[in-house]
Amino acid sequence: MTAPRLEIDLDKIQHNAHALVGLLAARRISVTGVMKATLGSPAIAEALIRAGVRTLGDSHIESIEAMRRAGLRATMILLRSPMLSQVHRVVANADISFNTELEVISRLSLAAQEARRTHGIVLMVELGDLREGIMPGDLEDIARQVLLFPNIVLRGIGANLACRSGVSPDPRNMAELSALADRVETQLSLTLDIVSGGNSANLNWAFSDADAGRINDLRLGEAILLGRETLRRQPIAGLHTDAICLVAEVIESKVKPSLPWGDIAQSAFGEMPAAIDRGRLSQTILAVGRQDTDPDGLRPPPGIEILAASSDHLIASTGRNHISVGAEIRFQMNYSALIRSMTSPFVAKVSKHRCPASVAAGGILRTIDATSELGGGGQSSKFSQRQGLDNNMKESPCNSTS
Ligand SMILES: Cc1ncc(COP(=O)(O)O)c(C=O)c1O
């Protein structure tokens with residue numbers, strides 16, 4: 001099979017989403033499935049919908065358009081404040097957008113009138129992380145003005161934490177958001193149906209004893225796709241952390257000295273290579289690089305250590321094991337590696353699903369029968385046959401659940 005490739009286990013993604021939908025439903029919080037790491041993949045969106053997700057969000061209108069073209073039945077939210085240059089596309093494809101600027105809302109209103117549509121607005125409030133948001137003291141006044149725009153409906157308020165500055169969602173800032181929702185409703189005599197508390201960083205708060213207050217929505221991307229909360233990147237109990245893996249192919253395998261020789265200056269990416277003599281090492285080169293992923297966000301199987309990466313080569317040490325040219329190595333990924341691999345045209349995207357399906361996802365996903373090449377046992381036997389590795393390495397991390 002072609003490499004490098006992302007192997008995407010739709011059943012594991014569905015399982016993760018279903019578990020989170022259930023856990024949060026007990027707190028009367030619904031899940032908006034955040035699709036941006038998947039570029040709006042319809043196959044992954046369908047897995048989320050099967051899991052009970054009713055609303056899908058993305059920061060790129062292009063991804064929302066892709067999901068619309070696929071005919072998905074879900075409410076679509078643009079999670080980033082619309083660009084003025086895209087308001088017509090936003091009104092045509094997104095039911096709701098997150099906003100902080102009256103000028104943008106005014107232009108959305110004009111576009112909505114032209115299109116004879118109604119567009120929903122969620123006003124984002126700044127709670128300290130210093131990315132997007134209206135200062136809390138300005139919220140009531142701005143909400144009052146939003147009500148005056150034709151073809152615009154104020155649907156709710158929201159906040160986003162732990163993105164720019166790592167500010168943690170906690171009982172204090174979540175209570176502040178709830179209090180703001182109450183105040184806007186009382187002062188403007190309306191009902192806000194969405195109070196969106198945040199992202200995967202909100203899960204520790206949401207699973208604690210803290211009062212959920214008015215928060216009735218969380219927008220989850222990484223927790224669904226990678227099975228982790230994002231404040232400490234801890235695995236969430238019962239979720240898969242290996243639903244998506246990167247598989248790369250070995251193109252060179254040799255024993256080489258660990259120290260370079262010659263007059264040493266900067267490397268291709270401006271680094272000064274570390275000069276620690278580890279003697280001669282079994283070095284393997286994989287055909288994947290910084291153009292395809294974030295090498296710092298890859299976790300190799302036991303016994304393999306990433307040494308360095310250039311734009312198109314990943315150099316790994318394999319200890320005393322020799323790995324043959326043509327063998328494949330499977331990596332777990334963090335969010336940074338995931339979004340870069342998803343976005344690289346050089347990385348194939350291959351999904352598997354219990355039932356053979358033929359969902360072509362926006363041209364990027366190919367769905368194959370799990371019982372063939374990617375099936376549980378088949379996967380590891382193929383892995384071991386091709387590599388001749390020790391038992392540790394045959395135990396592909398993709399087969400484990402955390
Ligand atoms: C506004 C907004 N909400 C939610 C998310 C989802 O974040 P996470 O993937 O950490 O759940 C993001 C980022 O992707 C975002 O920008």
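No lab work stands behind these numbers, since they all come straight from the coordinates. None of these values were measured; they are calculated from a predicted model. A quick note on method: Cβ atoms are made from the backbone with ideal geometry, for glycine too, and the neighbour counts reach across all protein chains shown.
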Here the convex hull volume per residue of the stretch 10-226, taken over Cα atoms and given in Å³, is 109
Residue separation between R144 and T2 times 0.36 nm, minus their alpha-carbon distance, gives in nm 45.6 nm
Longest principal axis of the chain (C-alpha) makes with the long axis of helix 171-188 (C-alpha) an angle, in degrees to the nearest 10, of 30
The stretch 164-301: Kirkwood hydrodynamic radius (Cα pairs, Å) comes out at 19.8
Answer in debye to the nearest 20: the dipole magnitude of the chain about its Cα centre, from +1 Lys/Arg and -1 Asp/Glu charges placed on Cβ, is 900
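Of the lysine pairs in the chain, how many meet both conditions: Cα atoms under 17 Å apart, and a spacing of 8 or more in sequence or different chains?
Working: K12/K349; K12/K352; K36/K349; K352/K382; K382/K394.
Eligible lysine pairs with Cα atoms under 17 Å apart amount to 5.
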The summed charge of the L123 Cβ neighbourhood (under 12 Å; Lys/Arg +1, Asp/Glu -1) stands at -4
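So what's the net charge close to F207: Lys and Arg +1, Asp and Glu -1, counting the other residues with Cβ under 11 Å from its Cβ? Before the final figure, lay out each step's value.
Working: positive: R27; negative: D209, E229.
Combined, the nearby Lys, Arg, Asp and Glu give -1.
Can you give me the relative contact order of the chain as a percent, contacts being Cα pairs under 8 Å and 6 or more apart? Could the numbers behind the result be given before it?
On the way: 894 pairs, mean separation 66.4, N = 402.
Rounded, it is 17 percent for the chain.
Using a simple charge model, +1 on the beta-carbon of Lys and Arg, -1 on the beta-carbon of Asp and Glu, nothing else, what dipole does the stretch 10-226 show about its Cα centre, in debye to the nearest 20?
Working: 22 positive and 24 negative charges, 140 e Å.
Magnitude of the dipole: close to 680 debye.
Which whole number of Å³ per residue matches the convex hull of the alpha-carbon atoms in the chain? Don't jump to the answer; show the numbers that get you there.
On the way: hull volume 60.3 nm³, N = 402.
Cα-based convex hull of the chain, divided per residue, equals 150 Å³.
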Given 44-53, 276-285, the highest-first ranking by average Cβ count within 10 Å works out to 44-53, 276-285
Charge dipole of the chain built from unit charges on the beta carbon (Lys, Arg +1; Asp, Glu -1), centred at mean Cα; most positive-end Cα among F346, L298, L123 is F346
Helix 10-25: inclination vs the chain longest Cα principal axis, degrees, rounded to 10, gives 40
